[in-house]
Amino acid sequence: MSAPDELIRVSDELHLLEQVHMALGSSHSLDDFYAAMAGMLVDPKTLGFSRAFIIRFDDKLKQFQGRMAAGDEAGLKTEFMHYRADASALPADHVLSRAADSPQTIICKPGDTNLDGLEPVVQLPLVAARLKTRRGLHGVVIADRKFAGQPLDHLCTVRFQWLVSHACVMLDNVELVEELTDAAQRMREVDRLKTNFLSIVSHELRTPLTSIIGFVHLLREGKAGGVTDEQRDMLGRVANHSAHLQNMVNDILEIAEVEAGGIVNVTLQSVDPVAALNHVIPKAEARKSSRHVVIEPVVTGEVALVLTDPIALERIYYHLIDNAIKFIPDSGRVTIEFKETNHRLEITVADTGIGISPENLKQIFDHFYQVDYRLERAYNGMGIGLTVVKLLLDATGGILRITSAPGDGSRFTVSYPLAD
Ligand code: ADP
């Protein structure tokens, strides 16, 4: 064959492949898929077999159940017939057993194979190949050519082989998608159980914590008798740690609440961002412990009011400043800056801490994500602060921008529309 003829042949084959891909790919169900396949096999314009049998294997019944599509010289005529055979009773040389066992297409002639129940319809040389995926055997495809001038030549055997191989790949893909969908469904279910669990645990923890905080307060006030300075100092530490624990419990509850149906109790109103910050700074100061960290609001001139929820803004401040302090290894500075731009106010919490690498920046808002997740890590926390920040910002119309690099500190900028 000359080179141009060869090229035409290759392009014909590619065209055919494309048609097969389109026909099989547009099926909406397995039945459609097999019908499309049978149709292609007997279509004179594509594979041009006279008859095609799609014999599906039912794993539970251990039976082959078949359908036949028949073409004729004038065009496609699909006429279905049923075939049923008990797989375990089939002899080894039966066309179905042979095809099911062979990775290649097999060619059978009526004389050399036991066609058994297929005999009335298959009295001619035929090709057969199995439909098999990672999950197992789906069935066997059989095709023959009975019309004059249509020998079972090499080309039609090759075409048959790649149609069946292509169908196997597509079936494999469908199964993979099914498995992924199932896995995603299972993960959603596990996630829901986890959220329920967290919600119950945090509710249970809240009651005793409130009581601890209340009684420590009474003790510090001397309501149960006089306390020395040293005892007051110790009770102060218990109070600080309990308050921190209470914050964490509230964060977990907040996440559970959002996952169960969104943040409730958010009321947008005119909020003074400096006043909200002043509420948070004493709590944040308590988190510094013995480290030399300076928390410095940079307020030059009047700062505009913003449209947000005051409690949400305080929680956002708390988490951002808490992180800023936490991720400064020894000593450093946390500044809170305000800048008006394009009818919005930008509030930046900047620190001189360890910074975050670009690849970690993408993940720090995921629940429970921490750049350093080892138990022996240097910084404590549960990996939910930024998740809460993100959820609160989404609920109140705030936007967050981060600039950070390892060793260069971080800048978390939150922006809100002005309250006018
Ligand atoms: P947590 O602080 O409890 O670990 P977060 O959700 O608040 O959880 O933060 C997630 C992760 O993002 C942190 O573990 C840390 O790795 C990184 N991160 C957050 N803020 C900063 C910051 N200011 N500097 C450096 N890393 C930070």
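The values are calculated or read from the model by the stated rules, or taken from the named source; none is laboratory data. Note that the structure is predicted; figures quoted are calculated from it, not measured. Here Cβ is always computed from backbone atoms with ideal geometry, including for glycine, and neighbour counts include all displayed protein chains.
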Among the residues of the range 290-308, is any modelled with pLDDT under 90 and within 15 Å of the ligand (Cβ to nearest atom)?
yes
Options A350, A312: the member that is near the ligand (Cβ under 10 Å from one of its atoms), of a type in the set (G, A, S) and either farther than 26 Å from R237 by Cβ or part of a helix (DSSP H, G or I) (or both):
A350
Could we say that D420 is modelled with pLDDT under 90 and more than 13 Å from the ligand (Cβ to nearest atom) here?
yes
Flagged in the range 380-409 as more than 7 Å from the ligand (Cβ to nearest atom) and assigned to a helix (DSSP H, G or I), in numbering order, are V388, V389, K390, L391, L392, L393, D394, A395, T396
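Residue-wise test of (1) buried (at least 18 other Cβ atoms within 10 Å of the Cβ); (2) within 20 Å of A167 (Cα to Cα); (3) modelled with pLDDT under 80.
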{"site": "A3", "(1), (2), (3)": "no, no, yes"}
{"site": "L16", "(1), (2), (3)": "no, yes, yes"}
{"site": "Q19", "(1), (2), (3)": "no, yes, yes"}
{"site": "G25", "(1), (2), (3)": "no, yes, yes"}
{"site": "F33", "(1), (2), (3)": "yes, yes, no"}
{"site": "G48", "(1), (2), (3)": "yes, yes, no"}
{"site": "F57", "(1), (2), (3)": "yes, yes, no"}
Pick from the range 315-336, criterion among the hydrophobic types (A, V, I, L, M, F, W, C) and assigned to a helix (DSSP H, G or I), ranking: farthest from E346 (Cα to Cα):
I325
Tally time: how many residues in the range 353-378 are more than 10 Å from the ligand (Cβ to nearest atom), over 19 Å from H319 (Cβ atoms) and at pLDDT 70 or above?
2
Take V174 and decide whether it is surrounded by 10 or more Cβ atoms within 10 Å (Cβ to Cβ), out of contact with any Pro (no Cβ under 6 Å at 6 or more places or on another chain), closer than 20 Å to H244 by Cβ and of a type outside the set (K, R).
no
Within the range 213-237, track down each residue that is buried (at least 17 other Cβ atoms within 10 Å of the Cβ) and closer than 29 Å to V388 by Cα.
V216
Restricting attention to the range 153-171, report how many residues are crowded, with 20+ Cβ neighbours inside 10 Å and either acidic (D, E) or free of Cβ contacts under 8 Å to residues at least 60 places away in the same chain (or both).
1
What about A324, is it modelled with pLDDT of 90 or more and within 9 Å of the ligand (Cβ to nearest atom)?
yes
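Report yes if R135 is more than 24 Å from K45 (Cα to Cα), touching a residue at least 40 places away in the same chain (Cβ under 8 Å) and not acidic (D, E), otherwise no. Spell out the reasoning first.
Values: more than 24 Å from K45 (Cα to Cα): yes; touching a residue at least 40 places away in the same chain (Cβ under 8 Å): yes; not acidic (D, E): yes.
Spelling it out, R135 is indeed more than 24 Å from K45 (Cα to Cα), touching a residue at least 40 places away in the same chain (Cβ under 8 Å) and not acidic (D, E).
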